[in-house]
Amino acid sequence: MALPTYASPLERVWYYTYLVICALIFLFLIAPILVILPLSFNAEPYFTFTEKMLTFDPEGYSLRWYDALLTLGHPTADAPRDAAWWSTAWERATWIRAAKNSFWIGIWATILATTLGTIAALGLSRPEMPYRRLIMALLISPMIVPIIIIAVGMSFFFAKACVAPDSAMGAIFGMFLSEKGCLANSHLGVIMAHAVLGIPFVIITVTATLSGFDQSLIRAAHSLGANPRTTFFKVIMPLILPGVISGALFAFVTSFDEVVAVLFIAGPDQQTIPRQMFNGIREAISPAILAVATILVVISVLLLASVELLRRRSDRLRGVTGR
Amino acid sequence: MAEVAGELLTTADGRPLKAALQAAQARARRRAFLLVLPLLLFVLLTFLVPIGYMLKRSFEHDGFASSAPALVAWFAENPDFDPANPPEEAFAALVSDLARMQVEKTTGVAGTRINYSVPGTISLFKGGARVAADLQPPYKEALLAVDPAWGRPALWRGMESASHVYTPEFYLVASDHKLTDAGWARGAENERIYLYLFGKTFLVSALITLICLALAFPVAHLLATLPLAKSSLLMILVLLPFWTSLLVRTTSWIVLLQEQGVVNNVLVALGLIDNSGRLAMMYNMTGTVVAMTHVLLPFMILPLYSVMRVIPPSYARAARSLGATSWTTFRRVYLPQTLPGIAAGSLLVFILAVGYYITPALVGGADGQLISNLIAFHMSKSNWSLAAAIAAMLLVSILLLYWLYDRLIGIDRLKFG
């Protein structure tokens, strides 16, 4: 809102006050994220700026908290860092194990949510879809229903959702389930829970992309002799791909950041980064948490940048200019 | 080709056109539905069935019914017994069950079940079970001699009620009722913790919604009226917190607001507060409100922004040229047009705030806990049925709000970024 030429002095004062207020709100939004970046390089085990940090003395800064991510849980942390040390760190260090779990669970949950969600979005955006509103409301609801309710329900149900390990079912599915043959305390259980939580985001982004999709392109493809498979992979998919990928990124972030369901349905083998952070904040908060937080902020900046680029590409493909 | 009166239009192979069209439409509907079906089945298995299971658990508890078979049988035969004065046979059944519980080590489970409606019964059961095997008839006098509390009418009402596996009792407990000697009654004013916490959760959520609205309105307005290049840059400041891990943001607020934290240090350094008078902004309600406002603010800014962006600036100019002051223009022309965005953002923020768990759990301390934290607390104490009943009550209020959101705004309009 540029100031009009006819503005009175009072309005001018108000306009600049308004800009200052906006600046303060932006500061409120971004300051918490910015403040942890320098603090994660603190040489002291404090959560506040030391004098040395404020005078930009190099001694005030260190990488010790990043180093702590490698050594926590390492059986021979002080040994010389040769190849064996690194391979032990890769296997045993608490944060590295948590990161591996987080990525595995996140990737599989994303694949599950994106595949099922994209196919369903194709059906939902057809004009002849029956009960569209009701089904849409159901599929979005995992985002609306409080996570604690979902987690409580899953913790009841997944503890009962078991197969006998020595049965035929157990032989097929046993490797995905916990030792007792249940969904509770298993990787599969956490992956399914996270997929359900990611589905609303996939549905929303993909149906939004499809709403600008020209349905006559499908008829054109058919009339030119393409079968449904060819039509899907050669015509539909390239056009909706930006929406699908940004939905997938949303689903991944949802899983990567999720802690409540993990707290309720996962066992010690499914320790993830958020769960490790949650326990760390609850028990003995150490600046190592800030190092993890900084790494996560860098990851989210990268994800945000990819989503923005994808959205611009998608808008360009659909012929939408501007925002 | 003119239609002959009375003759039906048909397709090339002679079928009536209407039937052929209906068949084609049914086929198209089936195809569309088949695409959605796999996801529906998945959501059914991992979302609806668990929630249904939770609802079942909120009515179900066999802790007493399975460990006191003699008394359950006696209650079934004598539905009209007088709880104020149960006969000798009832006491005989009770003593034999108590002896059995001692052997099978089920005293705790059974006592816990009664304890929900009649507080203080776990220790009573444990004491009774220890001596039950040595008691001699008449059992009534013998048991009352061990502890006169065994004759309380409330206890007998509680045991009768607990002899059924399915019961609405947990909803009564979750709405602050308890079993007295005269039957179910509301607890004393200072004991109504559950409904109090529900009320507090709704009030705090409303407060957070209002703060979010007050903060989001100017920012969304600025973003909507700035030239695109500038607003895209500023939008990053809104989207970055949105994309940043919730735990990261909660951690930063702890770093900023705790007693030895950045904000307090700055205030002390500036001489605004004394070193001994550091503000307590963390591990209390203030911490919960500040951190939750920060987490939920983007959910208010984004819907407001998408509505404000399409409001033509010419309306405001027209109002001004017709003589309205800038305040009148804002109040009578601009504000009414932003109402859909205000409604969408406020409802979304309110819904998300009511069910919030992580932030209050980490920064709320004792005072800043919300209803979700109470559910988690009862889950950790193995009070599953009670946790499920509170969760079911929360679920109903959320679904009402969700229905309202769909009515007023429509879930199709939900978007991010």
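The values are calculated or read from the model by the stated rules, or taken from the named source; none is laboratory data. Note that this is a predicted model, so its numbers are computed, not measured. All Cβ positions, even for glycine, are placed from backbone atoms using ideal geometry, and neighbour counts span all protein chains on display. Surface accessibility is based on the protein's heavy atoms, side chains included, excluding ligands, DNA and RNA. Shrake-Rupley method; radii C 1.70, N 1.55, O 1.52, S 1.80 Å.
Remarks
- Flag for B:Tyr334 being aromatic (Phe, Trp, Tyr), within 12 Å of chain A (Cβ to nearest Cβ) and touching a residue at least 24 places away in the same chain (Cβ under 8 Å): no
- Here the condition is being part of a helix (DSSP H, G or I), within 10 Å of chain A (Cβ to nearest Cβ), open to solvent by 60 Å² or more (accessible area, probe 1.4 Å) and closer than 24 Å to B:Leu296 by Cα; of B:Ala214, B:Ala224, it holds for B:Ala214 alone.
- Any hit, region A:203-218, residues being touching a strand residue (DSSP E or B) at 6+ places or on another chain (Cβ under 9 Å), closer than 24 Å to A:Ala261 by Cβ and not polar (S, T, N, Q): no
- In region B:1-18, the residue that is modelled with the highest pLDDT out of those that are among the charged types (D, E, K, R) and surrounded by 10 or more Cβ atoms within 10 Å (Cβ to Cβ) is B:Lys18.
- The lone exception for B:Asn78 - which of (1) open to solvent by 50 Å² or more (accessible area, probe 1.4 Å); (2) within 12 Å of chain A (Cβ to nearest Cβ); (3) farther than 23 Å from A:Glu128 by Cβ; (4) not aromatic (Phe, Trp, Tyr) it fails: (2)
- Residues in region B:247-287 that are under 32 Å from the mean Cα position of the chain (by Cα) and more than 14 Å from every other protein chain (Cβ to nearest Cβ) were compared, and the one that is surrounded by the fewest Cβ atoms within 10 Å (Cβ to Cβ) is B:Ala280.
- Restricting attention to region B:151-168, the residues that are under 14 Å from B:Pro119 (Cα atoms) and either surrounded by fewer than 19 Cβ atoms within 10 Å (Cβ to Cβ) or in the same structural domain as B:Asn373 (by TED's automatic domain parsing) (or both) add up to 1.
Here is a yes/no grid of residues against (1) within 30 Å of the chain's Cα centre (by Cα); (2) at pLDDT below 90; (3) at the interface with another protein chain (Cβ under 9 Å from one of its Cβ atoms); (4) surrounded by fewer than 14 Cβ atoms within 10 Å (Cβ to Cβ):
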{"residue": "B:Gly199", "(1), (2), (3), (4)": "yes, no, no, yes"}
{"residue": "B:Thr209", "(1), (2), (3), (4)": "yes, no, no, no"}
{"residue": "B:Ala220", "(1), (2), (3), (4)": "yes, no, no, no"}
{"residue": "B:Ser232", "(1), (2), (3), (4)": "no, yes, yes, no"}
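- Scope region B:263-294; condition of a type in the set (Gly, Ala, Ser), part of a helix (DSSP H, G or I) and out of contact with any Ser or Thr (no Cβ under 9 Å at 6 or more places or on another chain); matching residues: B:Ala269, B:Ser276, B:Gly277
- Any hit, region B:358-368, residues being open to solvent by 10 Å² or more (accessible area, probe 1.4 Å), closer than 30 Å to B:Val255 by Cα and β-branched (Val, Ile, Thr): yes
- A single member of A:Met129, A:Met143, A:Met169 is at pLDDT 85 or above and over 30 Å from B:His378 (Cα atoms), and it is A:Met129.
- Some residue of region A:178-188 being open to solvent by less than 30 Å² (accessible area, probe 1.4 Å), in contact (Cβ under 8 Å) with a residue 24 or more places away in the chain, within 28 Å of A:Phe157 (Cα to Cα) and touching a Pro at 6+ places or on another chain (Cβ under 8 Å): no
- Only one of the listed residues (A:Ala109, A:Ala113, A:Ala120) is assigned to a helix (DSSP H, G or I), facing another protein chain (nearest Cβ under 8 Å) and open to solvent by less than 10 Å² (accessible area, probe 1.4 Å). That residue is A:Ala120.
- Among residues of region A:151-167 that are within 9 Å of chain B (Cβ to nearest Cβ), those with a Cβ under 8 angstrom from a residue that is among the β-branched types (Val, Ile, Thr) and open to solvent by 30 Å² or more (accessible area, probe 1.4 Å), sequence gap 6+ or separate chain, pair up as A:Phe157/B:Val49.
- Whenever a residue of region B:312-330 is within 13 Å of chain A (Cβ to nearest Cβ) and more than 18 Å from A:Arg12 (Cα to Cα), its partners that are outside any loop (DSSP other than H, G, I, E, B) and open to solvent by 70 Å² or more (accessible area, probe 1.4 Å), lying with C-beta atoms within less than 8 angstrom and at least six residues away or across chains, give the pairs B:Ala319/B:Arg332.
- Matching residues in region B:58-67 - criterion: being open to solvent by 50 Å² or more (accessible area, probe 1.4 Å) and of a type outside the set (S, T, N, Q): B:Phe59, B:Asp62
Residue-by-condition table, conditions (1) of a type in the set (A, V, I, L, M); (2) within 29 Å of A:Asn185 (Cα to Cα):
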residue: A:Tyr61; (1), (2): no, no
residue: A:Trp65; (1), (2): no, no
residue: A:Pro80; (1), (2): no, no
residue: A:Trp86; (1), (2): no, yes
residue: A:Ala98; (1), (2): yes, yes
residue: A:Phe103; (1), (2): no, yes
residue: A:Thr110; (1), (2): no, yes
